[in-house]
Structures are given as C-alpha cells and as structure tokens.
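Sending over a structure as structure tokens; questions will come in a sec.
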Amino acid sequence: MAQPAEPTYTGQRIDTGDKWYQLFQKGVELGTWNVEKLFDEIGFEQDKETWKSLEPNERDQIRYLLSGFLDGETEVAGDAATNLSRAMGADCLEGNRQKEMYMTMLTLTEHKHTQFLDIYMNEVMDDQDNYTELDPRRGTRVPIVQTTGLGEVFEHQGLLTAKAAQTKDPVDIARAATNYHMNVEGILARVGSTAISRLPERANLPLLNYAFKFVSTDEGRHITHGVELLKELLEKERAGEPAYQGVEAGIVNTLYEDVPYMADFAYMYTDAVGDPLDLDIDSTLLRGGNLIDGMYNETLGCDVDYMQVMDRVSDRYEEITEWDLDARLEAQQAHYQQKRGVAADGGDD
Ligand SMILES: [Fe+2]
Ligand SMILES: [Fe+2]
C-alpha cells in the first residue's frame, strides 16, 4: 500500500504511525465525494434519455447488474456498521483502535454507494427492483439477487460477520474478511464494475459511469484493508502462534464455499439474458479467475487449488442448467409483490 507521509505528531490512544490510521486518514481526504453534488453537476437527463432508448433485454441486463450492486451495497453497509466493526475491535488484532476508526470510513462509503444506487435506479430506471420497504435489511432481496447465487453469498456474509463479532477469534475474523473483502468487494464488485465501465460502448449513461469511478476507488481502499488484515493474521499463523492456527485453511475454504455462487451470478447476467450488451461471460469468468489467482495466491501466498475452484463452479453450473430460470424469477417476483402488498397496507402479520 502506498504510504502517505507519516505525521510528526501522535496521540496516546491513537497511533498515527499505524497503517490503519493512514487508511482512515486517506478515507477522510479522498472518500469525500458527495452523491448529491454529483447529481447536481451531471444531472439525470442524459441517463434517462438513454434508458428510454434501450431495448427491453438491454434494460434487463443493466437492471440485473445494478440490482446486485444495490442489494450488495445495502448488505455490506449494514454488516460494516454492526458486526464487522465489532470484530475489528478484537484483542487478537494489532492496532484494533485504528482498525475501528477505519471502519467508520468504510461504513460511510458503503452508505454512499447505497444512496447513489437507490436514487439512481428510482430516478433513471424504474422502481421494479428497488422497493424501499423490502430491502435486504428488512428480509427480502430483489428477485434476481435472490434467484441467483448472490443471495447465497450475502447470506454467508451475514453469518460469518455475526460469528466473527461474537467469538472475536482470528480464524472466524479471517473467514468473515475473506467473504466480505476478497469475494464480495475484491471479486464480485470488481468484475461488476468492469462490466459497468464497458457500458459506454453500448449505452451512454454518464451519471452511472462517473459515480462508478468513485465507487471503484472507494472499493480499492476497502480491499487494501482486507488484504492487509488477512496478511497480518497469516503472518502470525506462519510464525507459529497457537491462537492463529487455521487462518489459511479458513481463508481458502471460504473461497471454495463462495465461488460456485459467485460464478452463478455471472452466468445469470450474461448467458441467461442473451447478453445483449456484450458483457461476455468468458471474459467475465476469466477476469474472476485472474483476480482469485492474484489475490489469494500471489498476494496472500495461499495455495488455492485452481482445479478445485473450476470443479466447484462447473458442478454448480450443471445444477443450474437444470433450472427454469424464468420460472424461478417469476416465483421470486410474485413473493416480492405479495410482501410488498402486505408492507404497503401496513400489514397484518
Ligand atoms: Fe461499496
Ligand atoms: Fe466496499
């Protein structure tokens, strides 16, 4: 990580030389883009016009992609504000006070990402996948997210971060950070952002594109935090400290558990909808594979078995090719509408 100049002053409780203090400070300085200002400066008009001109299947593909981000940002914001912040206060972590400080920056940016997507989808697109009373924090994800593997990955995130907050055990913290920072932010969000960055070739959506440049920069800092955190835990395991044994196995197994569902979402937003925007499933999966290799093997020095990853992905693919995706999606949409009706009436159950 590029180190900013270290301040010449320090505190008694806060160590200004700590890399998480510096990451916090970077967030204060660089994470200050303002969603409302972006709306004012760029406006919604061009995006609205383009949206109206797209074919229905092109709109579906963009909506599926952004729905994944909308539910994902809502989920990461919620877990960052609660269980992940609690886990960062664990005594087994170095500089846990600075790590907790950094979590406030992470939480703030995740809420801004949700703020952008929610308002953008409501103003520019339509409210089909974006009902405020049914966000994942209230128990229902948007239908495409629940139909595909993203729902499983986010479910796992909730469970792992809750366990890490509860036990504050190094292996549980490593598993939670792997799901959250490596798999959700480091792979899913990065692959999704790459797809969005390619949209201008087919669809001129300047507001979406500008915002995602900021989102990607923010996510870069979050991934740096995750990588540094996992490196710290792995170093202690490799130095033979008893409490940290099992960290690497926990990291690698969390990847194996999540990867079939991560690939599953990629299939759904490309093949299944005919890929009208030419996002290209093969290059999407290749990019995912390269990110896995780069982060897990090269950066963390783990021993991820590539064949095992491919086997798990192809087993899951076999399973889902048997599905009637449209029927599943319709069932989720019916469930969603039903819950919406109950919620909109004030509900009686
Ligand atoms: Fe985010
Ligand atoms: Fe993030």
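Using Cα atoms only, what is the angle between the long axis of helix 281-292 and the major principal axis of the chain, expressed in degrees (0 to 90) to the nearest 10?
Taking Cα atoms only, the helix is inclined about 10 degrees.
Next question, about the same structure. Can you work out the FRET efficiency for the pair Asn204 and Asn96, with r the C-beta to C-beta distance and R0 = 45 Å, to the nearest 0.05? Walk me through the numbers before you get to the answer.
On the way: r = 46 Å, r/R0 = 1.03.
That gives a FRET efficiency of 0.45.
What's the center-to-center distance, using Cα atoms, between the range 174-213 and the range 216-234 in Å?
16
Could you tell me what fraction of 2.2 N^0.38 Å the Cα radius of gyration of the range 151-264 comes to, as a two-decimal ratio? The partial results should precede the final answer.
On the way: Rg = 16.3 Å, N = 114, 2.2 N^0.38 = 13.3 Å.
The range 151-264 yields a ratio of 1.22.
Rounded to the nearest 20 debye, what is the charge dipole size of the chain about its Cα centre when +1 sits on each Lys and Arg Cβ and -1 on each Asp and Glu Cβ? The partial results should precede the final answer.
Numbers: 32 positive and 65 negative charges, 229 e Å.
So the magnitude is around 1100 debye.
Still on this model: How large is the helix-only mean residue ellipticity at 222 nm for the chain, computed as the sum of -39500 (n - 2.57) over DSSP H runs with n ≥ 4, divided by its residue count, in deg cm²/dmol to the nearest 500?
On the way: 15 runs with 229 residues, N = 349.
My calculation for the chain gives -21500 deg cm²/dmol from helical runs alone.
Could you provide, to the nearest whole Å², the per residue accessible area of the chain with probe 1.4 Å?
Working: 15670 Å² over 349 residues.
Value for the chain: 45 Å² per residue.
Using the basic label-point model (7 angstrom from Cα toward the beta carbon), what is the Ser216 to Lys37 distance in nanometres?
Each label point is offset 7 Å from its Cα along the Cβ direction, giving 2.1 nm.
Compute the signed sum of charges (Lys and Arg +1, Asp and Glu -1) over the other residues within less than 12 Å, Cβ to Cβ, of Arg13.
Details: positive: Arg97; negative: Asp15, Asp18, Glu100.
Net charge in that neighbourhood comes out at -2.
If R₀ is 45 angstrom, what is the calculated FRET efficiency for the pair Glu55 and Glu228, using the beta carbon separation as r and rounding to 0.05? Intermediate results must be reported in sequence, preceding the final value.
Working: r = 44 Å, r/R0 = 0.98.
After rounding to 0.05, the efficiency reads 0.55.
In addition: Can you compute 3J(HN,Hα) from phi for each residue in the range 228-243, using the Karplus curve 6.51 cos²θ - 1.76 cosθ + 1.60 with θ = phi - 60°, rounded to whole Hz and x for Gly and Pro?
Calculated HN-Hα couplings, in order: 5, 4, 5, 4, 4, 5, 5, 4, 5, 5, 5, 7, x, 5, x, 5 Hz.
Can you tell me which of 6-15, 50-59 comes out highest on packing, and rank the rest after it, using the mean Cβ neighbours within 10 Å? Intermediate results must be reported in sequence, preceding the final value.
On the way: 6-15: 9.7, 50-59: 14.4.
Sorting 6-15, 50-59 by mean packing, highest first, produces 50-59, 6-15.
Could you name the aspartates and glutamates whose alpha carbon sits less than 16 Å from that of Lys339, not counting residues in the same chain fewer than 8 places away?
Counting by Cα, and skipping residues close in sequence, Lys339 has these aspartates and glutamates nearby: Asp127, Asp129, Glu133, Asp135, Glu330, Asp348, Asp349.
Projected onto the charge dipole of the range 36-323 (+1 at Lys/Arg Cβ, -1 at Asp/Glu Cβ, origin at the Cα centre), which of Ile223, Asn96, Met125 gives the Cα projection farthest towards the positive end?
Going by the Cα projections, it comes out as Asn96.
Angle between the Cα long axis of helix 325-344 and the longest principal axis of the chain, 0 to 90 degrees, nearest 10?
80
Follow-up question, since we're still on this one. Determine which lysines satisfy two conditions relative to Lys99: a Cα distance under 23 Å, and not lying fewer than 8 residues away in the same chain.
Lys19, Lys26, Lys112, Lys163, Lys168, Lys231, Lys236
Run the numbers for Ala327 and Ala249: contour at 0.36 nm per residue of separation, minus the present Cα-Cα distance, in nm. Show your work: numbers first, answer last.
Details: separation 78, 0.36 × 78 = 28.08 nm, distance 3.80 nm.
Length gained between Ala327 and Ala249: 24.3 nm.
Relative to the longest principal axis of the C-alpha atoms of the chain, give the angle of the C-alpha long axis of helix 96-124, reported between 0 and 90° and rounded to the nearest 10°.
10
Excluding Ser283 itself, what net charge comes from residues whose Cβ is under 12 Å from its Cβ, given Lys and Arg +1 and Asp and Glu -1?
Local charge sum for Ser283: -2.
The values are calculated or read from the model by the stated rules, or taken from the named source; none is laboratory data. Everything numeric here is computed off the predicted structure, so don't read it as measured data. Virtual Cβ from ideal backbone geometry, glycine too; neighbours counted across all protein chains shown. With ligands, DNA and RNA removed, areas are computed over all heavy atoms of the protein, side chains included. Shrake-Rupley method; radii C 1.70, N 1.55, O 1.52, S 1.80 Å.
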